[in-house]
Amino acid sequence: MRPEPPRPPAAFLPFFALAWAGTTIAYMPFLTVLLPVRIELITTAQGPAAMPVTWLAATTFAGALAASAGNILFGWASDLVLGRRAWVATGLVLSCTLLLLVDRVTSLGWLVAVIIGWQLAVNMMIGPLSAWAGDCVPDAQKGKLGGLLAFAPAAGALVGAFVTLPGLAGPQARLAIVAMMTAGCIAPLLLLGSPVPAPAPMRNAPNLPDAPKPPAKPPGLGLLQRMWLARLMLQISEAALFAYLYFWLRSVDPAFGDASTARIFGGALVVAAPLTLAVGAWSDRHGRALVPLRAGAMLAAIALLAMGFTDDPLLAIAGYAVFSLASSMFLALHSAQTLRVLPHSNRRGRDLGLFNLTNTLPSLIMPGITLALVPSLGFRALFVLLAMLAFGASALLFPARRR
């Protein structure tokens with residue numbers, strides 16, 4: 001048995017968690033608030049013929065394609081040349097520069113071009129950064145790593161709320177604040193992070209104590225595919241809730257406003273972070289890497305069914321809170337445990353880029369599902385379908401029966 005590589009310095013995990021939060025700060029406030037506002041300003045100046053919703057959809061679609069390609073491309077490039085640190089640093093500089101250009105663009109066509117470039121630059125950070133964790137964090141700390149990753153969405157939501165405080169800053173200053181916060185979070189890892197060169201060789205075989213080990217296949221091949229599909233299925237549910245939470249809450253109780261929705265969304269993310277850290281630490285201590293993933297997907301499915309069959313606003317909020325906690329825990333811990341099952345340590349960046357498709361494909365799949373179900377059958381049918389996907393994600397992660 002090949003020995004574990006040396007542990008990284010004690011500061012690596014907190015530095016990495018801070019940097020990962022920085023990548024979320026880089027895109028969450030911008031995509032959810034600042035970009036729609038900029039598109040609305042440009043379309044208003046161009047007259048009624050320019051449709052802001054159409055341009056936002058086109059920009060989001062083009063950006064998702066660029067993000068998918070960029071994550072694979074730059075993750076793979078960091079496997080082959082220069083190492084992780086150089087790619088992360090270059091992506092940080094380029095993404096912050098392009099972000100500051102957004103407020104200076106007055107043409108919708110040029111705005112789409114800038115967003116494509118910005119998405120490529122952001123994923124020049126994210127792809128190599130995620131592989132960097134795989135290089136340096138041993139299997140015995142993967143659960144803790146997943147718990148720390150759960151703080152990133154909460155950080156992004158809090159920064160989005162902060163930069164949009166009335167009277168705090170104008171459009172250009174908001175972009176500058178986001179860029180400075182992003183750089184401030186990522187710089188400590190670049191300056192003080194583990195000196196382990198990339199790619200740091202770790203075992204090629206997966207090490208999931210509670211994972212099936214079929215003898216007739218290469219180790220981890222079936223599990224790797226099931227983990228990819230399970231994440232995609234739960235991400236579709238999560239993306240649908242992220243996009244349509246406001247409209248669903250309004251259908252339950254018309255008194256719900258955007259401020260109430262934002263507080264519910266942000267509050268659930270904040271609570272999910274320490275819970276995920278505790279669950280991840282438990283999985284490390286007991287060697288049960290997949291148990292929290294199965295339980296999280298199962299609990300998310302139950303919460304979705306409860307949300308679909310209630311007309312009580314308090315039960316609706318409680319159901320969403322449970323779903324948000326369960327799905328956030330699943331996604332954060334899944335990201336860390338994926339590093340165990342990748343088959344080639346010297347192609348970790350490329351393989352994580354392929355796994356990242358489970359984050360971008362739901363944005364392309366979810367609108368069609370929603371439009372096919374909600375107008376004719378209502379939100380209940382949508383929630384039932386999403387619950388079935390979440391149940392399926394849980395089932396995929398149970399050991400296969402041996403014949």
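The values are calculated or read from the model by the stated rules, or taken from the named source; none is laboratory data. Being a predicted model, the structure only gives us computed values, none of them experimental. In this analysis, Cβ positions are derived from the backbone assuming ideal geometry, glycine residues included, and neighbour counts consider all displayed protein chains. When the accessible area is computed, the model is the full protein with side chains, heavy atoms only, and any ligands, DNA or RNA have been set aside. Shrake-Rupley method; radii C 1.70, N 1.55, O 1.52, S 1.80 Å.
Meeting the requirement of 1 or more residues that are surrounded by 16 or more Cβ atoms within 10 Å (Cβ to Cβ) and among the hydroxyl-bearing types (Ser, Thr, Tyr), the helices (runs of 4 or more DSSP H) wholly within region 289-403 are 313-341, 348-377, 379-396.
Could you check region 154-176 and list, in sequence order, the residues that are of a type in the set (A, V, I, L, M, F, W, C) and modelled with pLDDT of 80 or more? Before you say what the answer is, go through the steps one by one.
The first filter runs over region 154-176 and keeps only residues of a type in the set (A, V, I, L, M, F, W, C), leaving 154-155, 157-159, 161-163, 165, 168-169, 173, 175-176.
Passing the criteria: ALA155, LEU158, VAL159, PHE162, VAL163, ALA173, LEU175, ALA176.
Taking region 279-288 as the region of interest, how many residues are among the hydrophobic types (A, V, I, L, M, F, W, C) and either under 22 Å from ALA381 (Cβ atoms) or in a loop (DSSP other than H, G, I, E, B) (or both)?
0
So in region 120-139, with the set limited to residues that are open to solvent by 10 Å² or more (accessible area, probe 1.4 Å), aliphatic (A, V, I, L, M) and more than 12 Å from ALA77 (Cα to Cα), which one is modelled with the highest pLDDT? Only one residue fits best here, namely LEU120. Here GLY147, GLY184, GLY156 are screened, and the one residue that is over 19 Å from the mean Cα position of the chain (by Cα) and either open to solvent by 10 Å² or more (accessible area, probe 1.4 Å) or touching a residue at least 24 places away in the same chain (Cβ under 8 Å) (or both) is GLY184. Close Cβ contacts (under 8 Å, 6 or more residues apart or on different chains) running from residues in region 329-340 that are under 17 Å from LEU269 (Cα atoms) to residues that are assigned to a helix (DSSP H, G or I) and β-branched (Val, Ile, Thr) comprise MET329/THR276; MET329/VAL279; ALA332/THR276; LEU333/THR276; LEU333/VAL279. Under the condition of being open to solvent by 20 Å² or more (accessible area, probe 1.4 Å) and β-branched (Val, Ile, Thr), which residue from region 230-287 is modelled with the lowest pLDDT? Among them, the one singled out is ILE264. Condition first: open to solvent by less than 10 Å² (accessible area, probe 1.4 Å) and either within 21 Å of LEU364 (Cα to Cα) or without any contact (Cβ under 8 Å) to a residue 40 or more places away in the chain (or both). Now tell me which residues in region 68-117 satisfy that. Answer for region 68-117, where residues must be open to solvent by less than 10 Å² (accessible area, probe 1.4 Å) and either within 21 Å of LEU364 (Cα to Cα) or without any contact (Cβ under 8 Å) to a residue 40 or more places away in the chain (or both): GLY70, ASN71, GLY91, LEU111, ILE115.
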